[in-house]
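This report concerns only the one structure given below.
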Protein chains: 2
Amino acid sequence: MREHYERLLRRTADGSWRRVPSYRNGLDHFPAAAKRGTGTRLFLRSTDTEGAGFEYVTFVHGAGNRALCLCQPGPYLEGHSGFMHGGAIATIIDTTLGTCALEAAGSVMTAKLSIDFLAPVPLGSVVLVDGGVDRRDGRKIFLSCQVRGAAGDTLHAEATGEDGGAPGGRGHPHPRPRPLPTERPPPRVPVSG
Amino acid sequence: MREHYERLLRRTADGSWRRVPSYRNGLDHFPAAAKRGTGTRLFLRSTDTEGAGFEYVTFVHGAGNRALCLCQPGPYLEGHSGFMHGGAIATIIDTTLGTCALEAAGSVMTAKLSIDFLAPVPLGSVVLVDGGVDRRDGRKIFLSCQVRGAAGDTLHAEATGEDGGAPGGRGHPHPRPRPLPTERPPPRVPVSG
């Protein structure tokens, strides 16, 4: 991972890329929230044990429409035995696309996320999440990304996302009041194993 | 949360629903993997601090095509200040649909996941993830779910998923060897803020 990190770090030398510090909670970044509560922590930093959770670093391009995240999933991100949980993959994708959107458009929230899981990610391997803005339509931002093995030989996942601008960073960008569907009825036709 | 839990628990009395115990790692469930390594932990159990991460319990219907997960996100699942991280929402969705698919078809892996985030989930609130099997096509299982506030007044997210049977629980159900795309070129047209 160190080698890839150094390579990405060198790209920041001319100022076209910038390294984004990872942080433990959002309070430093949302001063208004600081008075509200304490004890919260960014989801990716929920694990106390060093090296057991998300080891990651993100680089964003100065033009604001591309983010590269180098991530090594620790042993506490397990889903299927020995492999990264689908939710953990979704988390690093959402974070990378969110960083990209944040850099491109300021405060945003994820509105849609679609992921194709193509090959499982072994715990301890190093992956590169390569995300970018594809297009914008008003306040909506359409993004996509690929999760590849850092050695370049495996495409683990592809995803598309849609983010909406959230003025002031509070509330949801797409309030869609609609009637709640009635509770799904109990299954009637058993699914055969 | 207790009240909802008790209500769901009562449904298990006649045997039509079953409570699935949550667990810390997959080794108990995959004896073959036990010799391989130690120190891994299920992603949803990566947080050591009691009550800070995913507080959840899942109930599956005996017919095997429906799962209900009651979840209270703790303060360590933060994304935007005060709200659950999109990746954490994706995680509880993936887990619920995975449990449903596992119950319906045995060992499976997530192949696709698409989520519409409709309203942010406040940390500490209680949500109900209501997932079910919509249809099957050979070894593929198509599922969907809704994430609602337990009070029934908010639809937080809707999702669809596709799982593929993975014989023996190892490897990926849809190996799709394909050439790796070349690295995305650096952005040329800056995105205006």
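Tabulated data
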{"quantity": "Calculated FRET value between residue A:18 and residue B:10, using beta carbons and R₀ = 56 Å, to 0.05", "calculated": "0.55"}
{"quantity": "Anisotropy class of segment A:102-168 from Cα gyration tensor, a/c 1.5 cut", "calculated": "prolate"}
{"quantity": "Relative contact order of segment B:64-168, defined on C-alpha pairs under 8 angstrom at six or more residues apart (%)", "calculated": "32"}
{"quantity": "Exercise: per-residue mean of other protein chain Cβ atoms within 10 Å, B:56-62", "calculated": "1"}
{"quantity": "Number of partner chain Cβ atoms within 10 Å, mean per residue of A:93-101", "calculated": "3"}
{"quantity": "Farthest toward positive dipole pole in segment A:2-169 [+1 Lys/Arg, -1 Asp/Glu at C-beta], among A:16, A:53, A:85", "calculated": "A:16"}
{"quantity": "Binned Cα-Cα distances of segment A:2-169, short to long, each 10 Å bin given as a whole percent", "calculated": "10, 37, 38, 14, 1"}
{"quantity": "Residue-count net charge about residue B:99 - beta-carbon cut-off 15 Å; Lys, Arg +1, Asp, Glu -1", "calculated": "0"}
{"quantity": "Label point 7 Å beyond Cα along the C-beta direction, distances from residue B:19 to other copies (nm, shortest first)", "calculated": "4.8"}
{"quantity": "For A:67-79, mean number of other protein chain Cβ atoms within 10 Å", "calculated": "4"}
{"quantity": "Cα-based reach from residue A:112 at 16 Å (exclusive), listing aspartates and glutamates while leaving out same-chain residues under 8 positions away", "calculated": "A:94, A:134, A:137, A:158, A:162, A:163, B:94, B:116, B:158"}
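We did not get these values from a lab; they are worked out from the coordinates using the rules stated. Being a predicted model, the structure only gives us computed values, none of them experimental. Cβ sites come from the backbone with ideal geometry, for glycine too, and all protein chains shown count toward neighbours.
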